[in-house]
């Protein structure tokens, strides 16, 4: 078991228990944070859009072309934009920091 640190849309940081094999989207939803995740993690919407802390972003697998299009189309794109459903928690991500992107 590990932990991720999520900054919600009100600027409140939450330390969330994170279990290996769950996506960041599942961890956020399990903790009750307002992540809609309309598609259920299929990478066909962008309602689990997050910003990964720059110190962690380079260590993640790159965005797929589909994920790239989806985060760019949100209107809130940043270089550290990711879809939380596309990142699986592993021990290497213990302590990861992210911020929920604005709803659109």
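FYI, it's all coordinate maths here, none of it is from the lab. Model, not experiment: these values are computed from the prediction. Note that each Cβ is placed from the backbone with ideal geometry, even for glycine, and that neighbours are counted across all protein chains shown.
For residue 69 and residue 8, FRET efficiency with R0 = 22 Å and r from the beta-carbon atoms, rounded to 0.05? Write down the numbers at each step before the final one.
Working: r = 26 Å, r/R0 = 1.18.
After rounding, the FRET efficiency stands at 0.25.
Can you give the three extents of the C-alpha atoms in the stretch 2-100 along their principal axes, from longest to shortest, in whole Å?
If we take the Cα atoms of the stretch 2-100, the spans are 30, 26, 24 Å.
Return the calculated 222 nm mean residue ellipticity for the chain, to the nearest 500 deg cm²/dmol, obtained by summing -39500 (n - 2.57) across DSSP H runs with n ≥ 4 and dividing by the residue count.
-4500 deg cm²/dmol
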